[in-house]
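Undergrad: Attaching a single structure in structure tokens format; questions to follow.
The values are calculated or read from the model by the stated rules, or taken from the named source; none is laboratory data. The model shown is predicted, which means the values in this text are computed figures rather than measured ones. Reconstructed Cβ throughout: ideal geometry from the backbone, glycine too, with neighbour counts over all protein chains shown.
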Amino acid sequence: MSRVPWAKTILSRRMLVAFIMGYAAGLPLELTGFVLKTWMREEGVDLTVIGLFALVGVPYTLKFLWSPILDRFSLPLFGRRRGWLLIFQIALMMAVFGLGATDPRHAPWLVACAAFLVTFFSASQDIVIDAYRREDLADNELGLGSSLYVSGYRIGMLLATGGGLILADHIPFALVYALMAGCLLPGIVTTWLTSEPPTPFGIPQSLREAIVVPFLEYFSRPHALWILAFILLYKVGDTMASAMTAPFYVDLGFTKTQIGTVVKLVGFWAILIGNMLGGILMLKLGINRSLWIFGILQAASTAGFAALAQLGNQLGALAMVIAFENLSAGMGTAAYMAFMASITNKRFTATQYALLTSLMGIPRVLVSATTGFMAQAMDWQYFFIFCTLIAIPGMLILLKIAPWRND
């Protein structure tokens, strides 16, 4: 069978859908993260409270609890994946609009409740998007598809952080969130127009088959626990550092427009280059070697924040750090997502992928909740040095589950 030309594969419907769904998944993440934390810091909210707000992301770590329902049941219209996806996307848009109507200074707990709804619907959307992508792409398309998904994901994040912060210098945050809710429309339109993925291996016929069998199948594999430990630890340092970059930039004295412009312009091109480069390198190197190389680059980019803390308010240094972070984190995430997709069973895609990505979300939610206390106790430089060193255990697990020579 002849190989499909590379350019034709990139421009296929499957890759376009992977890209747009990545954008739809990435946009809401920073609306309860970077943007919300910047808003709260400007309103005078204490750093420890800002750090604790990472807990509103608990749905990202628990989504495996309701993912079997999405594997087992189909809705009357649009199919098993597209039907659930449309419901969650519409609910997410409404929740983002509602978050913008809250008041961080006078009603932080109401803000927390609204942010929790955003993360719940966002996590539910992620379950279905991940399952759709795994079922829609062929095995040999996972590396490139994951790279395009991550490109879309990071561009969605950049739109929220870069565009959102620039707008916030000129209009109220409530209006910023209303506009961001409208920016979720491309995901809804794509879900409406795309086709339902095939189910050649069938679907679970009972709740027991949807809940119990996926976990039994996964844990019967060699190194199952080592793989879970790797997923938990591979991006922990990068995630902890990212959790506090918003107040870090504010404390260094950068304006919202400076942060937004650098994040949007420099980060945008770094993301495009990093993800395309990551996808091409995965074709050449394979997933295992890519995890090694990209993981080392991730740790180095985290160390860049420590250097920025030493240099202080220098816009050129900020641009270099953000460019390197976006380049390396995008490459690392692409390999990470491709690895997780490659080990899921297509019959239980939503449940097994949700289990893996739930573990991926633990550092962002539970570990990141402590970062406010850590940043308060340390100075910024030592905090980011700690985030760099804590990446080492995850890299060492690669010796067990993805040795360099076995790719």
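Undergrad: Which condition from (1) part of a loop (DSSP other than H, G, I, E, B); (2) touching a helix residue (DSSP H, G or I) at 6+ places or on another chain (Cβ under 7 Å) is the one that ARG105 breaks?
TA: Tallying (1) part of a loop (DSSP other than H, G, I, E, B); (2) touching a helix residue (DSSP H, G or I) at 6+ places or on another chain (Cβ under 7 Å), ARG105 fails exactly one: (2).
Undergrad: Could you please find all residues in region 157-201 being small (Gly, Ala, Ser) and in a helix (DSSP H, G or I)?
TA: ALA160, GLY162, GLY163, GLY164, ALA168, ALA174, ALA178, ALA181, GLY182, GLY187, listed by residue number.
Undergrad: Quick check on region 287-295. Is at least one of its residues within 21 Å of the chain's Cα centre (by Cα) and charged (D, E, K, R)?
TA: no
Undergrad: Here's a follow-up. Which one of these does LYS400 not meet: (1) basic (Lys, Arg); (2) over 17 Å from LEU233 (Cβ atoms); (3) modelled with pLDDT of 75 or more?
TA: (2)
Undergrad: Among the residues of region 35-46, is there at least one that is without any contact (Cβ under 8 Å) to a residue 24 or more places away in the chain, over 14 Å from ALA350 (Cβ atoms) and touching a helix residue (DSSP H, G or I) at 6+ places or on another chain (Cβ under 7 Å)?
TA: Among the residues of region 35-46, not one is without any contact (Cβ under 8 Å) to a residue 24 or more places away in the chain, over 14 Å from ALA350 (Cβ atoms) and touching a helix residue (DSSP H, G or I) at 6+ places or on another chain (Cβ under 7 Å), which makes the answer no.
Undergrad: For LEU117, state whether it is at pLDDT 85 or above and not hydroxyl-bearing (Ser, Thr, Tyr).
TA: Taking the combined requirement at face value, the residue satisfies it.
Undergrad: Another question, then. Every residue in region 343-354 that is assigned to a helix (DSSP H, G or I) and modelled with pLDDT under 80, please.
TA: LYS346, ARG347, PHE348, THR349, ALA350
Undergrad: Can you tell me which residues in region 232-244 are touching a helix residue (DSSP H, G or I) at 6+ places or on another chain (Cβ under 7 Å), part of a helix (DSSP H, G or I) and not acidic (Asp, Glu)?
TA: Within region 232-244, LEU232, LEU233, VAL236, GLY237, THR239, MET240, ALA241, ALA243 qualify.
Undergrad: Something else: Which pairs turn up if I take residues in region 68-82 that are closer than 19 Å to ILE211 by Cβ and look for partners that are among the charged types (D, E, K, R) with beta carbon separation below 7 Å, at least 6 apart in sequence or on another chain?
TA: As it stands, the answer is SER74/ARG80; ARG81/GLU196, since those pairs meet every condition given.
Undergrad: Which one of the conditions (1) over 21 Å from MET337 (Cα atoms); (2) touching an Asp or Glu at 6+ places or on another chain (Cβ under 9 Å); (3) of a type in the set (A, V, I, L, M, F, W, C) does MET157 fail to meet, given that it meets all the rest?
TA: Condition (1) is where MET157 drops out.
Undergrad: I've got another one for you. Considering LEU148, LEU175, LEU158, LEU228, which residue is out of contact with any Leu (no Cβ under 7 Å at 6 or more places or on another chain) and farther than 15 Å from GLY26 by Cβ? First the steps, then the outcome.
TA: On the way: LEU148 fails: farther than 15 Å from GLY26 by Cβ; LEU158 fails: farther than 15 Å from GLY26 by Cβ; LEU228 fails: out of contact with any Leu (no Cβ under 7 Å at 6 or more places or on another chain).
The unique qualifying residue is LEU175.
Undergrad: Can you list residue pairs whose Cβ atoms sit under 9 Å apart, with the first residue in region 281-301 being within 18 Å of LEU396 (Cα to Cα) and the second being among the hydroxyl-bearing types (Ser, Thr, Tyr) and surrounded by fewer than 19 Cβ atoms within 10 Å (Cβ to Cβ)? Count only pairs 6 or more apart in sequence or on different chains.
TA: As it stands, the answer is ILE287/SER342, since those pairs meet every condition given.
Undergrad: Same structure, new question: Any residue in region 209-221 that is over 17 Å from TRP66 (Cα atoms) sitting within a Cβ distance under 6 Å of a residue that is part of a helix (DSSP H, G or I) and modelled with pLDDT under 85? List the pairs, counting only those 6 or more apart or interchain.
TA: Close Cβ pairs satisfying both conditions: TYR218/GLN352.
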